[in-house]
Amino acid sequence: MRVSPLKNATIAIAVCMTVSAPSAQAQDAVPIDAGDALELVEMLIGQDPSRYATPLAAMHGRAELYTKYRDLAQQGDPMAQRVWLLLGDYAVQSVDASLMQSYAADLLPAYAQDPKALLAALKDAPWLAPSTCRLLSAHFGSEDRPEEGRIGFLESERDRIAGALPARIAQACLQAIENPE
Amino acid sequence: MGKNNHCRIAGRRLIMTAYFRWNDIMSYTINVVRSNGTGTLTFKSGTVNISETCWWDQDVVIDAGTYTGYATRMANKDDGTDGGKREGIWLGKGVPYNGDGSTANGFFIHKGTGPSWSDGCIVLSGSKVYEMWSEITPKETGNISVVIKDETVRRGRPRDWDCTRGMHSLWGGMPSF
């Protein structure tokens, strides 16, 4: 059987994801499932996930991936939280309306639960900050949630965000929260 | 002669089976007609007859066209009208939007009270979504045609040359400006 170089590279990245963990919390992190890692990598490179036979099954798979890593992140698994943020970046970049609405609802409460953990993840992977901050911002005003909370959130979190992230990243993040797209 | 009869009977059976199988697979149509900011979604099947205002995110607008829809649930949303996961009609993979060749895989018709419930999805009253969704069987099947159209409003028509000439001739020449 011939395996394409792209497939080989995808599998290699997926395997790396399963064995790597954020250094700061390596002892608490549970390696992510190899199948999930492969699915995520395939999505990120614009391929249909090979574990699903149909686009409908793949759509349900994305939703399952979302709920699985959201729930693990809420339980305090730092690796799962980063995978969840990476899936959020995919949602924003690919304009996955269904996933974006879910992040708008769930991400800010997860931040409120443990802001230090989420900001530590963004410090280690600052390329996830634009999408994460956009999704945090989307919480206010969407699905009939009040817009008014935005100012209070900014007032209470401005210093924390500025202190945790590199200046340029922090400024862009605060701007994204202050001025929603 | 006997062989021919067998062939005819077998042929009729095949046609009848195909006919009944075809009728077993119901197909449904959802029409969405958009105008400025809001639209109207219509759906008719059996005793269900819906004509309801719908909304969408003005920054992410699905291109007008016909899409294959699937009655399903959004596994990442826990606020279904019946207490389960949110009911929705998935519009399939690679749906074009914003008229610039962009495509996305996560557009649904689902519940919502205004554009703030949408990142590109088409949203309408939850009770109406549930009524429509319940009528569609089987679920998880591409048995819905979702037809999205943009309403073009014609206001008057350009004046034609003869009419202008007629006016000119009445006035005895071209008016000076």
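The values are calculated or read from the model by the stated rules, or taken from the named source; none is laboratory data. All of these numbers come straight from a predicted model, not from anything done at the bench. These accessible areas exclude ligands, DNA and RNA; they are computed on the full protein's heavy atoms, side chains included. Shrake-Rupley method; radii C 1.70, N 1.55, O 1.52, S 1.80 Å.
Do the alpha carbons of any pairs in A:68/B:149; A:116/B:93; B:111/B:149 sit beyond 31 Å of each other, and which pairs? Provide the component values of the computation, followed by the final result.
Working: A:68/B:149 37 Å; A:116/B:93 37 Å; B:111/B:149 20 Å.
Too far apart for the 31 Å limit: A:68/B:149; A:116/B:93.
Could you grab the relative contact order for segment B:24-98? Cα pairs under 8 Å, six or more apart, rounded to a whole percent.
Numbers: 102 pairs, mean separation 16.1, N = 75.
Relative contact order for segment B:24-98 comes out at 21 percent.
Could you give the Stokes-Einstein D for segment A:61-181 in µm² per second, using the C-alpha Kirkwood radius, 37 °C, 0.692 mPa s? Intermediate results must be reported in sequence, preceding the final value.
On the way: Rh = 14.1 Å.
Here the translational diffusion coefficient equals 232 µm²/s.
List, in order, the whole-Hz ³J(HN,Hα) value for each residue of segment B:133-138 obtained from phi through the Karplus relation with A = 6.51, B = -1.76, C = 1.60 and θ = phi - 60°; use x for Gly and Pro.
Whole-Hz 3J(HN,Hα) from phi for segment B:133-138: 4, 5, 6, 7, 9, x.
How large is the Rg to Rh ratio of segment B:25-150 when both quantities use alpha carbon positions and Rh follows Kirkwood? Present the calculation step by step, with values, prior to reporting the outcome.
Working: Rg = 13.2 Å, Rh = 14.3 Å.
Ratio value, two decimals: 0.92.
Quick one: buried accessible area between A and B, total over both chains, 1.4 angstrom probe, nearest 100 Å²?
Details: alone 9720 and 11680 Å², together 19310 Å².
When A and B are taken together, about 2100 Å² of accessible area is lost.
Could you give each residue of segment A:119-133 its phi-based ³J(HN,Hα) in whole Hz, using Karplus coefficients 6.51, -1.76, 1.60 with θ = phi - 60°, and x for Gly or Pro?
3J(HN,Hα) across segment A:119-133, in whole Hz: 5, 5, 5, 6, 5, 6, 10, x, 5, 8, 5, x, 6, 5, 5.
Counting only protein heavy atoms, what percent of the accessible surface of segment A:5-178 is carbon or sulfur at a 1.4 Å probe? Mind dumping the intermediate values first?
Working: 4490 of 7770 Å².
Of all accessible area on segment A:5-178, carbon and sulfur atoms account for 58 percent.
How many Å² of accessible area per residue for segment B:70-141, probe 1.4 Å?
On the way: 2440 Å² over 72 residues.
In whole numbers, segment B:70-141 has 34 Å² accessible per residue.
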